[in-house]
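Have a look at the structure below before the remarks.
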Amino acid sequence: MASISLNTLFLLRPDSSLSDLESRTRYDPSEVEPRIVERWHESGLFHPTPAGSPDENYSIAIPLPNVTGVLHMGHALNDSIQDCLIRFQRIRGQRTKWILGTDHAGIATQTQVERALVAEGTSKEELGRELFVERVWRWRDDYGGQIIEQLKRLGCSLDYDDERFTLDDAYARAVRDVFVDLFEKGYIYRDRYMVNWDPGSRSAISDLEVTEHAVTDTLYYIEYPLSASDGAVTVATVRPETMLADTAVAVNPADPRYEGLVGQTAILPLVGRELPIIADDYVKPEFGTGALKITPGHDLNDFEIGRRHGLDQISVIGEDELITDEAPERFVGLTVEEARRAVIAELNEQGLIAQTEPYTHDVPFSERSGERIEPLVSLQWFMRMDDLARPAIDVVNRDQVRFWPESYRRVYLNWMENIRPWCISRQLWWGHRIPVWYRGEETYVGTSAPEGEGWERDPDVLDTWFSSALFPFAALGWPEPTDQLKAFYPTNALVTGREIVFLWVARMIMMGLEFLDQIPFSDVYVHAIIHAPDGRRMSKSLGTGVDPLALIEGGPRPSAFEAGGAFPAYGADAVRWGMLAMSSTQDVNFSEERIAQGLALVNKLWNAARLVLLGIGPDAHAAPAASRIEDRWIVSRLARAKAEVERRIADYDFAHVAFTLYDFIYAELCDWYLELVKPRLRAGEPELGSTLLHVLTETLAMAHPVIPFVTEEVYRYVPGSEGLLAGGIESHPDQIDEQAEAAIARMIDAVQALRAWRDFAGVKAAAILPGRLAADGYDETREQLARMARMSFTSDGAEPVSAVAIPGGTIELLRSPDLDLEAIERKRASRRASLQKEIERIEGKLGNPEFVSKAPAHVVDAERAKLAALLEELESL
């Protein structure tokens, strides 16, 4: 597939005749968009030849979609934003690369294949590791490309010819090199430590993959008899089964209730082990009785207390969620739930449960499996992060990496400044296997297997986020000094959701600085999360999840949606515009109305383009030959819109990008300018043709990053050009005409005032009313005002029957058979009475000192603004 020269084409070559356009009265995205997707990918436009330096080019690395994934609304928003950035820079003439890859997604992918095996009546254990991994690779080949095809359908201009997968051979080499290098530098080590054990995936997971939910448990008050006296110390716990692994009882040293007990021992019920009573500042006197059972093997805080006091670590819950042989024999082999019931029963029999009460607290759960986390002491591989974090903190403090919105800068820094060791090993079969081998007491760490017999490889794999942290440079061929790496690293921007700022963004910055001595990107844009229309999270199980493909191609609405039925086929452009219009720094609720608004914009642009192209003919040449005031106005407004789009994109303010396009195309270009010039267009005025073609082609370039399909399709019919030239989206301040803008704005206000009066008076739409223009500032727009407002201006000295206030004066309306003066007066009197009544009500409210002093300031201000508007309307009547 050939690459296209950056200096030649930015949109595809025009290839259609105007006779074809004349027959296409309706724009059909379901026909147009798939056809254009194919043309884009045949063109090679998205696969740049690597050349130049990163300063000359523009690149973005996609947040890696899981190989198991399908497109959801988060992707639709995230990828619409990224594609807007990429297309904006491409059409400005920059060599652009949107780096594409998919993540092997260790836990998620292994879980899906395991479920398939269970449905077949087998399991991964029956297959064995080698055959299971082969099965996952086959599954990936069969199903792994689904999200890539969906990204194409959304119109994402990714480099599909250079797609990476995080388990490809070249990528795996980069992962091994990084692991070995970090091990040799002392960052990676193996240790027995407290980890978050996920019973669902039967693997350790990192702190960042844990989420907390409020849970109401039973709090048991258990009496531990004192060894040296008849008394007891009472502890409170929600997990009585873990008492089998207790190694101490702790109290706060400042708690006067236990002054005489510190240094003594208590007897552990059901086990008989003597437990020292220790003092530790961690203990909260207000919790329970102020005495805390210490279980270093099954609680992180207890683990740290145990290390401070030299306590044993006993593990009575195994990785299989069964009670181990470190517990009394009668409990061995029970599940955790069975052990809990058995422990409670024995304690009750012995009269050692003093009381119980409900207790609501935050409990950790796995984001991966949804299971409740089991804290376990386990032999795992860890990565020390503090030294790696320091330079990654510095680049943010020095604004070399900037966060948008800026509030995430502090969020990032707070986490980095308190960073903990990262557990990087996972007890899975699918993933990057840790490059460590053992033979007896020997350990070998290397990028390839050791020579000799008797070596056994570590069975664990690396956390998926370890390999994805390398993506911006590993995807470009590192550790080889490839042309791609030289041209496109570092990248320019990263677009992401807040949920992976720590999991991925921070780690990419650390790895980029450590291995290339360069930041991986300069800007991090953290976008909002889109919720269901009712504010709930989007979820298939809740019936609130919206499928972007259902919006694009037409499909069922989620069951929780009030409207029910199916979405119309809005098309990808409408979805993209709607996503950007909904984007914000705050979470937002999904709005189908925004998608519909996007489709309305697409149709408006298509119809406007047909009007222009069929009106000017095939021989027109684009040039801003603006001698008439309305021509100077639209060229000026276009220049302002382009400057605003450029500014808003630079500020990552995509909602304003979307609405700037909408306001210019829908209102200024279509509703006003094209209506103003229709008589000239029908007359075949050559100068108008040049201006119209200039405005149309510049508008297509400006809108293309947001709605690429319709702009591409329209451009097929644009005469006189091989393609949109570089720089077509750049603003031209010299084209701004303040005088023309003021004159046309004044005319528009006048037309709107007259139209409102006509509606009020019930004048027929086709009626042309006689009147006198008694206002200043309309020397260049008198003709346009008369036509747009359906007026016939005269210097007749007849007595006016009514008047309409407009900027600079009034329009005096003369007697006409189209005016029912009595009916108008009745309406005016009725409206005047209604206004006076409402004015009296608001004046009474604002005259009440208690209301003015006690109501919120914005409420008082709103009432004052409403009063001013009502008084103004009354005066105009």
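Structure summary
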read-out: Rounded D (µm²/s) - segment 59-112, Kirkwood Rh over Cα pairs, Stokes-Einstein at 10 °C, 1.306 mPa s; value: 127
read-out: Total charge dipole magnitude, segment 449-510, about the Cα centre, Cβ charges on Lys, Arg, Asp, Glu only, Debye to nearest 20; value: 540
read-out: Rounded accessible area per residue of segment 144-265, 1.4 Å, Å²; value: 38
read-out: log10 of Debye I(q)/I(0), alpha-carbon scatterers only, for segment 239-282 at 0.25, 0.35 Å⁻¹; value: -0.87, -1.16
read-out: Listed values [x] 33; [y] 37; [z] 41, entry calculated as percent of Cα pairs over 48 Å apart; value: [z]
read-out: Solvent exposure ordering (accessible area, 1.4 Å, most first) of 875, 441, 184, 346; value: 441, 875, 184, 346
read-out: Cα shape, segment 15-90, gyration tensor, a/c 1.5 rule; value: oblate
read-out: Sites residue 321 and residue 843 - FRET efficiency at Förster radius 60 Å, r taken between beta-carbons, to 0.05; value: 0.25
read-out: Potential lengthening between residue 31 and residue 259 on full extension [0.36 nm per residue; Cα-Cα distance subtracted]; value: 73.9 nm
read-out: Peptide ranges 687-693, 25-31 listed from the most packed, as the mean C-beta count within 10 angstrom indicates; value: 687-693, 25-31
read-out: Calculated from backbone phi, Karplus (6.51, -1.76, 1.60) coupling profile of segment 32-37 in Hz, x at Gly/Pro; value: 6, 5, x, 5, 6, 3
read-out: Estimated FRET transfer efficiency (residue 794, residue 627; beta-carbon r; R0 22 Å; 0.05); value: 0.20
read-out: Acute angle (nearest 10 degrees) that the helix 407-417 long axis makes with the longest principal axis of the chain, alpha-carbon atoms; value: 20
read-out: Nearest 10 degrees, 0 to 90: helix 300-309 Cα axis against the chain principal axis; value: 40
read-out: Gain in span if fully extended, residue 749 to residue 647, counting 0.36 nm per residue against the direct Cα distance; value: 34.0 nm
read-out: Portion, in percent, of the accessible area of the chain that falls on carbon or sulfur, probe 1.4 Å; value: 48
read-out: By accessible area with a 1.4 Å probe, ligands and nucleic acids excluded, highest first: order of 324, 699; value: 324, 699
read-out: Whole-angstrom gap from segment 612-668 to segment 797-812, using each part's C-alpha centre; value: 34
read-out: 26 Å Cα-Cα threshold exceeded, pairs from 97/604; 642/678; 604/866; 827/866; 604/827; 604/678; value: 97/604; 604/866; 604/827
read-out: Kirkwood Rh in Å, taken over all unlike Cα pairs in segment 566-617; value: 12.3
read-out: Ordering of 78-84, 385-391, 594-600 by packing [mean C-beta count within 10 Å, highest first]; value: 78-84, 594-600, 385-391
read-out: Relative contact order of the chain, defined on C-alpha pairs under 8 angstrom at six or more residues apart (%); value: 14
read-out: Trypsin sites (Lys or Arg not before Pro) within segment 769-877, DSSP loop, no more than 10 other Cβ atoms inside 10 Å; value: none
read-out: The chain - share of DSSP beta bridges that are antiparallel (%, nearest 5); value: 70
read-out: Distance between modelled label sites at residue 518 and residue 666, nm, 7 Å Cα→Cβ extension; value: 4.3
read-out: Cα centre as origin, Lys/Arg/Asp/Glu Cβ charges: segment 83-123 dipole, Debye; value: 580
read-out: Convex hull volume per residue in cubic angstrom - Cα atoms of segment 106-148; value: 71
read-out: Dimensionless Rg over Rh [segment 457-538; C-alpha; Kirkwood]; value: 1.09
read-out: Selection from 588, 810, 297 lying farthest towards where the dipole of the chain points positive, charges on Cβ; value: 810
read-out: Inter-label distance for residue 129 and residue 286, nm, one decimal - labels placed 7 Å from Cα along Cα-to-Cβ; value: 5.0
read-out: Accessible surface, segment 621-701, averaged per residue in Å² (probe 1.4 Å); value: 33
read-out: Inter-part distance where segment 278-300 and segment 312-366 are each reduced to a Cα centre, Å; value: 17
read-out: Ranked order, 181, 776 - accessible area, probe 1.4 Å, largest first; value: 776, 181
read-out: Segment 584-665 - convex hull of the alpha-carbon atoms, volume per residue in Å³; value: 111
read-out: Using alpha-carbon coordinates, inclination of helix 857-876 to the longest axis of the chain, degrees; value: 10
read-out: Efficiency of FRET from Cβ geometry, residue 398 and residue 141, R₀ 45 Å, rounded to 0.05; value: 0.50
read-out: Cα gyration tensor, segment 225-309 - rounded (a/c under 1.5), prolate or oblate; value: rounded
read-out: Radius, Kirkwood style, for segment 299-395 when every pair of distinct Cα atoms is counted (Å); value: 17.1
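The values are calculated or read from the model by the stated rules, or taken from the named source; none is laboratory data. Being a predicted model, the structure only gives us computed values, none of them experimental. Backbone-built Cβ (ideal geometry, glycine too); neighbour counts: all protein chains shown. In case anyone asks, the SASA skips ligands and DNA or RNA and just uses the protein heavy atoms, side chains included. Shrake-Rupley method; radii C 1.70, N 1.55, O 1.52, S 1.80 Å.
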